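Beneath this line is the structure, given in structure tokens, with notes to follow.
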Amino acid sequence: MVKSSKKKIISDQPVTLDDAMDTFIQGAGKISSALLGMINKVGGQIYALLFLSDDPLSLDEISDRLSVSKSNISINIRMLEDYNLVRKVWVKGSRRDYYAAERSYPKKVLRDFLERIYGTLSDAITTIERTRARVSEAKITLSGAEKEKAQFMLSQLKMIGLFYYAANDFFEDFFAGKPIDIEIIRRIILNPEELGKK
């Protein structure tokens, strides 16, 4: 087995469908835990396995395939059911519970993820505005160095406020179905100091 400079593993062994599924399962687990937040690593792996399985799987089969305890699988299956990401299905001739993936996962999870970001932006803006109001109120009675400190705080709050307001406007347009200006995202990420310029 040889590794190139780009760390791409080259093997003379043929790639199997199980190998490909393992890649998807491992990647989905990392994405779920690191990015989406509401679904943990095992939950992401379970969904990935069911998503690429053409037949429903039992808890035992899922446990064996992922090398995870059946109790852990059961807990995560219930969580996925709560999110309407998997459903229990009946298999003729078996008393076991079988599960299949709901195919709306990408749409639902991405929307929930974006809505969480949107909600966080709203919370951030509320915090910024409350702080600005209190600093402005305190500034009235200040003088000298303390007044300069208050002015500095206001300038910093204004700068960070521009970032959050621009991001909030972007998401408002997105959820309202309005045309999205991708340039706003570039400025938010790369050049936030430009946000206050016309």
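We did not get these values from a lab; they are worked out from the coordinates using the rules stated. Keep in mind that what you see is a predicted model, and the values were worked out from it rather than measured. For neighbour counting, all protein chains shown are included, and Cβ atoms are generated from backbone atoms with ideal geometry for every residue, glycine included.
Local charge for ASP173 was computed over the other residues whose Cβ lies under 13 Å away, with Lys and Arg +1 and Asp and Glu -1, and equals -3. The stretch between PHE152 and ALA20 holds 42.0 nm of extra length on full extension. This uses 0.36 nm per residue minus the Cα-Cα distance. In terms of the Cα gyration tensor, with a ≥ b ≥ c the square roots of its eigenvalues, is the range 10-103 rounded because a/c is under 1.5, prolate because a/b exceeds b/c, or oblate? Oblate shape, in that a/c is at least 1.5 and b/c is the bigger or equal ratio.
If you count Lys pairs in the range 54-198 whose Cα atoms are under 26 Å apart, skipping same-chain pairs closer than 8 places in sequence, the total is 16.
Classify the range 107-196: rounded, prolate or oblate, from the alpha-carbon gyration tensor (a ≥ b ≥ c, eigenvalue square roots; a/c under 1.5 rounded; otherwise prolate if a/b is larger than b/c)? Prolate, because a/c is 1.5 or more and a/b exceeds b/c.
If the segment from LEU190 to SER74 were pulled out straight at 0.36 nm per residue, it would be longer than the present Cα-Cα gap by 37.4 nm.
Is the shape of the chain best called rounded, prolate or oblate, per the rule: a/c under 1.5 gives rounded, else a/b larger than b/c gives prolate, else oblate, with a ≥ b ≥ c the square roots of the Cα gyration tensor eigenvalues? Can you show the working numbers first?
Working: a/c = 2.92, a/b = 2.18, b/c = 1.34.
Prolate shape, in that a/c is at least 1.5 and a/b is the bigger ratio.
Magnitude of the charge dipole for the range 10-103, about its Cα centre and with charges confined to Cβ atoms of Lys, Arg (+1) and Asp, Glu (-1), is about 440 debye. For the pair ASP112 and GLU129, the difference between a 0.36 nm per residue extended length and the Cα-Cα distance amounts to 3.5 nm.
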